[in-house]
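For reference, the structure discussed in these notes is given below.
The values are calculated or read from the model by the stated rules, or taken from the named source; none is laboratory data. Treat the numbers as computed from the prediction; the structure is a model and nothing was measured. Cβ atoms come from the backbone with ideal geometry, glycine included; neighbour counts cover every protein chain shown. These area figures cover heavy atoms from the full protein model, side chains too; ligands, DNA and RNA do not enter into them. Shrake-Rupley method; radii C 1.70, N 1.55, O 1.52, S 1.80 Å.
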2 protein chains.
Amino acid sequence: MQLAFGRAACSRFTFSILRLECDNCTMATIQLPGLIDAHVHLREPGFPHKEDFASGTAAALAGGVTMVLDMPNTMPPSATPALLAAKAALAAAGTRCDIGLFVGATSSDVDAYLPAAHRACALKIYVSDTFGSLRIETLALMHRFFRTWAERADEIGYRMTGAALGLGPIAVHAEELMLPVCLTLSRIYSVPLHIVHVSRRSEIELIRDAKEAGFPVTCEATPHHLFLSTSDLPRLGTRGDMRPRLATPDDVAALWDNLESIDIFATDHAPHTLAEKAGETPPPGVPGVQTLLPLLLTAVHDDRLTLDDVVSRLTSRPRRIYGLPAQPDTTVSVDVDARYTLSDADQVTRVGWTPFAGREVFGRIERVTLRGQEVYAGGEVLAAPGSGRVLFQ
Amino acid sequence: MQLAFGRAACSRFTFSILRLECDNCTMATIQLPGLIDAHVHLREPGFPHKEDFASGTAAALAGGVTMVLDMPNTMPPSATPALLAAKAALAAAGTRCDIGLFVGATSSDVDAYLPAAHRACALKIYVSDTFGSLRIETLALMHRFFRTWAERADEIGYRMTGAALGLGPIAVHAEELMLPVCLTLSRIYSVPLHIVHVSRRSEIELIRDAKEAGFPVTCEATPHHLFLSTSDLPRLGTRGDMRPRLATPDDVAALWDNLESIDIFATDHAPHTLAEKAGETPPPGVPGVQTLLPLLLTAVHDDRLTLDDVVSRLTSRPRRIYGLPAQPDTTVSVDVDARYTLSDADQVTRVGWTPFAGREVFGRIERVTLRGQEVYAGGEVLAAPGSGRVLFQ
């Protein structure tokens, strides 16, 4: 279903999860369910000068995102029950939207995460080069993580099957040849596998073929890998540096050509300060949670996506992959006709910039309601720190 | 079935592929079918100072091996129809036993090998560090080789299914994390996959589990990975350096514990001169084709293997994996009671050494017959260069 912004008659807005609020069809405000960004780095504990739960979830609400899943490569990493519990306490105090926490796998204490597995949204394994200290580099360890996860799932089930204490999938940062490594382990042990931020033709084509062959795999793509490429690097400099790196225009075309194989969109919101980005050893990563929806709605406007493509990949599908709870009475009102230019100044994230600064987009988030409470309206974040829920605790 | 050397009564030698030739049970000469070493490097063209078809197959016959499969990482590599045909001509002129040739995949001309695929015993892909120039390092190329092989098999079938022009498997040097890379591609495209020289616990355990999960995979182990370990390195120096490197005693134990998952034994006979081994940059690789059988028969003597374990892994199983033709009237007579010490001086390979020098073994090869012709007897190689056959031409 295609949404023809601004020109459509009311009768065209029959999309089941939408409700048009219009005034003789001159306004084009649509109401979406609260969105899920299944991949963010809110940097707490360890790097609050970049972001914390309060600042990162404020940016989320400003972007229409009412639930985020937060990655474990903080300092210290979320790799033991005690560390995950400590992070959950920080999150409970700071978060303005609902939040799930990943648990991380480390090479130093390989089974340490296990007692906390059911309190995490998923196990995250870093197989490829990334920011932080969680990279896994041997077959023996990878093998062990998948076998152990499968054994634990034998005991308590997977959350997406409705088990009370169930596990989520194993989510992996696995680029290039590390992708089929994870596919084999996932297939052998029947562990649901989620591939984060797919960026290359070789990767999305392999995932497509693996799905056809019955591998239990899902994947995500980020807005920066869909809307930026290596051709933007001269302009962006280190503001365009993240992991996986921006890919070639051919890689970007392959993502678009294989949209049906991309289960969800997620931002990999990974803020670093502009001072850090301008420094001697600029860390990889870019913010993104606030610009997610307008970038995708602009692609709808440009007839590259349907609204259903966008909404399903930000609501029902991440909910199914991670076994996430519903958020009743949670809506996002968007003026889909509003056209404006993204700017650093408008960014709510603590680091105050976006790699998409200067880009003209459609779709202004006007109001966000979470469980009946207005949490964002008129450009202001209204939710207090700690008003969101920490999932699975 | 266990063969009790020297002490057994004739009635115990009921093993179907054996025929006991004895004199009141005081001699213990057994007759085996001609053996297959499915992994040798005969170094021609490019490195005849190390080995050539005539010298390498002389060593094979002296070891009871009547068929070898020769690897493509020569100079130039066997990576195009013309190069494979040129190598086949050299082999036809030089070989004293039957020989099949692998074709190699290269990153420089990715589909070049394809028209010669059915003339090779298999496609060999080097995913891990090795001697030569054939290493493949990107997912896109790996993906392409497997997809292309599967498409070609759709046209002409796999040889092991009896197809007239059929293909063999894809054989890979894939250590550690490169192993599950190949497993995924093999499973997705239903390409039979043979893992050469497995050396680590992590690898054999993954192969075991992949087989249980239905992956179309077979594997081999070499005598040096079964009978040597890192604990031998101080004694061996560069004579113990090969790829994969000698593994830990725990890795070796894992190979023995998972013998049922090891489909075949093969030597990775990879001769370099002692001068090269003593040089500034010693190349990895050791000779092995001549010492294969006595080392394994000694393990039978030590009750670590049965004779069936050995013979099936050197005859029927490699024949099935690669779709190799039978060799009628081809036998190897072995005095299984003969006890002697392996020495450099006894090695027929041009390089004239073995990493097993000084080891006491059982089992002296007395006579080898190939298609009714005596090709080895009394310590002498009787077959002339060019008397063997080049397979699949």
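A:PHE215 sits among other residues whose Cβ lies under 14 Å from its own Cβ, and their net charge, with Lys and Arg +1 and Asp and Glu -1, is -1.
222 nm [θ] for chain B, helices only, -39500 (n - 2.57) per DSSP H run of 4+, per residue, to 500? So the calculated ellipticity at 222 nm is -8500 deg cm²/dmol. Using only Cα atoms, find the angle between the long axis of helix A:81-94 and the longest principal axis of chain A, and express it within 0 to 90 degrees, rounded to the nearest 10. Taking the Cα atoms of chain A, the angle to A:81-94 is about 20 degrees. Cβ-Cβ distance of A:ASP257 and B:ARG135, R₀ of 30 Å, FRET efficiency by 1/(1 + (r/R0)^6): the value works out to about 0.50. Taken as Cα centroids, segment B:98-173 and segment B:331-355 sit 33 Å apart, rounded to the nearest whole angstrom.
Using a 1.4 angstrom probe on protein heavy atoms only, the contact between A and B buries about 2200 square angstrom of accessible area, both sides summed. Amide H contacts of B:VAL375: B:VAL368, B:THR369, B:LEU370, each under 5 Å away and 5 or more positions distant or on a separate chain (H built 1.01 Å from N in the peptide plane; Pro and chain starts excluded). Would you kindly work out, in nm and rounded to one decimal, the distances from the label point of B:PRO234 to those of the same position in each other copy, ordered shortest first, with label points 7 Å along Cα-to-Cβ? Counterpart label points of B:PRO234 in the remaining copies fall at 6.0 nm.
How much area per residue is accessible in the protein assembly as shown when the probe is 1.4 Å and only protein heavy atoms are counted (Å²)? Before the final figure, lay out each step's value.
Values: 26710 Å² over 786 residues.
On a per-residue basis, the protein assembly as shown sits at 34 Å².
For B:PHE265, the shell of other residues with beta-carbons less than 14 Å away shows a net charge of -3, using +1 for Lys and Arg and -1 for Asp and Glu. Is the C-alpha gyration tensor of the protein assembly as shown telling us rounded, prolate or oblate? Criteria: a/c under 1.5 is rounded; beyond that, a/b larger than b/c is prolate, otherwise oblate. It is prolate, given that a/c is not under 1.5 and a/b is the larger ratio. Of the whole protein surface, B:TRP256 contributes about 40 Å² of accessible area at a 1.4 Å probe radius.
Only Cα sites of segment A:81-161 enter the Debye sum here, all with the same form factor; the resulting log10 I(q)/I(0) across q = 0.12, 0.22 1/Å is -0.38, -1.13, listed in q order.
Residues in segment A:381-386 carry Karplus couplings, in order, of 7, 9, 6, 7, x, x Hz; the curve used is 6.51 cos²θ - 1.76 cosθ + 1.60 with θ = phi - 60°, and Gly or Pro positions show x. The aspartates and glutamates whose alpha-carbon is closer than 16 Å to the alpha-carbon of A:LYS277, local same-chain residues fewer than 8 away aside, are A:GLU51, A:ASP241, A:ASP344. Rolling a 1.4 Å probe over the protein heavy atoms of segment B:183-224, with every protein chain left in place, gives an accessible area that is 43 percent carbon and sulfur. Nearest chain A C-beta to the A/B rotation axis, reported as residue and distance in angstrom, is A:THR184, 2. Counting only protein chain heavy atoms and rolling a 1.4 Å probe, the accessible areas of A:TYR376, A:TYR113 rank, largest first, as A:TYR376, A:TYR113. Treating r as the C-beta distance of B:ASP111 and A:ALA384 and R0 as 60 Å, the FRET efficiency rounds to 0.45. Placing a label point 7 Å from the Cα of B:PRO385 along the Cα-to-Cβ direction, the distances to the matching points in the other copies come to 8.3 nm, shortest first.
As a test, work out the antiparallel percent of DSSP beta bridges whose residues both lie in the protein assembly as shown, rounded to the nearest 5. Could the numbers behind the result be given before it?
Working: 44 of 97 bridges.
Expressed as a percentage, antiparallel bridges in the protein assembly as shown total about 45.
In debye, nearest 20, what is the charge dipole magnitude of segment A:306-367 about its Cα centre with +1 on Lys and Arg Cβ and -1 on Asp and Glu Cβ, if you could check? Each step should come with its number before you reach the end.
Numbers: 9 positive and 9 negative charges, 67 e Å.
The calculated dipole for segment A:306-367 is roughly 320 debye.
When only the Cβ of Lys, Arg, Asp and Glu is charged (+1, +1, -1, -1), the dipole of segment A:132-264 relative to its Cα centre reaches about 380 debye. If one takes the longest principal axis of the Cα atoms in chain B, at what angle in degrees, from 0 to 90 and to the nearest 10, does the Cα axis of helix B:201-212 lie? For B:201-212 against chain B, the angle is about 80 degrees. The base-10 log of I(q)/I(0) for segment B:165-288, evaluated at q = 0.15 Å⁻¹, reads -0.70 [Debye formula, identical scatterers on Cα atoms, solvent excluded].
Each other copy places its own label point for B:ALA278 at 6.3 nm from this one, sorted shortest first, where the point lies 7 Å along the Cα-to-beta carbon line.
Charge tally for A:TYR376 (other residues, Cβ to Cβ under 10 Å; Lys, Arg +1; Asp, Glu -1): -1. Could you tell me which of rounded, prolate or oblate describes segment B:279-386, using a ≥ b ≥ c as the square roots of the eigenvalues of the alpha-carbon gyration tensor, with rounded for a/c under 1.5 and, failing that, prolate when a/b is larger than b/c and oblate otherwise? Rounded, since a/c falls under 1.5. Bridges between two residues of chain A, per DSSP, are antiparallel at a rate of about 45%. What share of all Cα pairs of segment A:140-218, in percent, falls into each consecutive 5 Å distance bin? Result returned by the calculation: 3, 16, 27, 24, 16, 10, 4, 1.
According to the square roots a ≥ b ≥ c of the eigenvalues of the Cα gyration tensor, what is the shape class of chain B, taking rounded for a/c under 1.5, prolate for a/b larger than b/c otherwise, and oblate for the remainder? The shape class here is rounded. Karplus-based coupling profile of segment A:55-65, in residue order and whole Hz: 6, x, 7, 5, 4, 4, 4, 4, x, x, 9, with θ = phi - 60° in 6.51 cos²θ - 1.76 cosθ + 1.60 and x standing for Gly or Pro. Assuming charge only on the beta carbon of Lys and Arg (+1) and of Asp and Glu (-1), the dipole of the protein assembly as shown about its Cα centre is about 460 debye to the nearest 20. Taking all protein chains as they are arranged and a probe of 1.4 Å, the heavy atoms of B:LYS211 leave approximately 60 Å² accessible to solvent.
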